[in-house]
């Protein structure tokens, strides 16, 4: 979710994206395998005096696996946002403790993207943002519609430069 309440007076959100959905393919695979294994164990465990404890143990292990390898990665994916405003590029991530990083558009000197065959088929890629200053280069991976994001960011950088050069006159 965007933290739009923290934008400056004349700043507005232009684009808000999460990492590409392919980043949660592994957790979804773990979900399917864990549920299938748990159901198989519930069916295979023979009905005897210890069956209740065995089934309970299988359920507890399945829940632990689902929380650690499915729920937490999916929540982290959902809590990670890349937001373009008309003044800056904002990065936010984290569930319990949040971290953020802002890049003023004026400091961005170059924006490029790359994506391989699979990324092109899935509609994502890597965005490379060159920044003047101490941070240098920012590489964001798994950006959905990376070509659109790159073009939008490039246009916003140009618009911000034109806005400031117009104020200087």
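Let me confirm something: among 121, 91, 95, which residue is on the phi < 0 side of the Ramachandran plot and touching a helix residue (DSSP H, G or I) at 6+ places or on another chain (Cβ under 8 Å)?
Working: 121 fails: touching a helix residue (DSSP H, G or I) at 6+ places or on another chain (Cβ under 8 Å); 91 fails: touching a helix residue (DSSP H, G or I) at 6+ places or on another chain (Cβ under 8 Å).
The conditions single out 95.
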- Item | Residue that is in contact (Cβ under 8 Å) with a residue 60 or more places away in the chain, touching a helix residue (DSSP H, G or I) at 6+ places or on another chain (Cβ under 7 Å) and either more than 18 Å from residue 160 (Cα to Cα) or surrounded by fewer than 14 Cβ atoms within 10 Å (Cβ to Cβ) (or both), where the choices are 74, 17 | 17
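Scan the range 122-132 residue by residue and report those that are within 27 Å of residue 162 (Cβ to Cβ) and assigned to a strand (DSSP E or B).
Taking the range 122-132 first, the residues within 27 Å of residue 162 (Cβ to Cβ) are 127-132.
Passing the criteria: 127, 128, 129, 130, 131.
For every residue, the table says whether it meets (1) over 15 Å from residue 91 (Cα atoms); (2) out of contact with any strand residue (DSSP E or B) (no Cβ under 9 Å at 6 or more places or on another chain).
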| position | (1), (2) |
| --- | --- |
| 121 | yes, yes |
| 139 | no, no |
| 152 | yes, no |
| 159 | yes, yes |
- Note on the structure: Of (1) within 17 Å of the chain's Cα centre (by Cα); (2) farther than 18 Å from residue 15 by Cα; (3) surrounded by 16 or more Cβ atoms within 10 Å (Cβ to Cβ), residue 62 satisfies every one except (1)
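Per-residue answers, yes or no, for (1) part of a strand (DSSP E or B); (2) at pLDDT 90 or above; (3) surrounded by 15 or more Cβ atoms within 10 Å (Cβ to Cβ):
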| position | (1), (2), (3) |
| --- | --- |
| 101 | yes, yes, no |
| 112 | yes, yes, no |
| 120 | no, yes, no |
| 134 | no, no, no |
| 142 | yes, yes, yes |
| 149 | no, yes, yes |
| 152 | no, yes, yes |
| 158 | no, yes, no |
| 166 | no, no, no |
- Consider only pairs whose beta carbons are under 6 Å apart and that are at least six residues apart or on different chains; among these, list those whose first residue lies in the range 90-111 and is within 14 Å of residue 127 (Cα to Cα) and whose second residue is assigned to a loop (DSSP other than H, G, I, E, B). 109/132
- Please determine, by comparing only the residues of the range 129-157 that are without any contact (Cβ under 8 Å) to a residue 40 or more places away in the chain and touching a helix residue (DSSP H, G or I) at 6+ places or on another chain (Cβ under 9 Å), which one is farthest from residue 100 (Cα to Cα). 146
- From the residues in the range 28-56 that are out of contact with any helix residue (DSSP H, G or I) (no Cβ under 6 Å at 6 or more places or on another chain) and in contact (Cβ under 8 Å) with a residue 24 or more places away in the chain, which one is farthest from residue 69 (Cα to Cα)? 37
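The values are calculated or read from the model by the stated rules, or taken from the named source; none is laboratory data. On a predicted model such as this, the values are computed, not experimentally measured, just so you know. Virtual Cβ from ideal backbone geometry, glycine too; neighbours counted across all protein chains shown.
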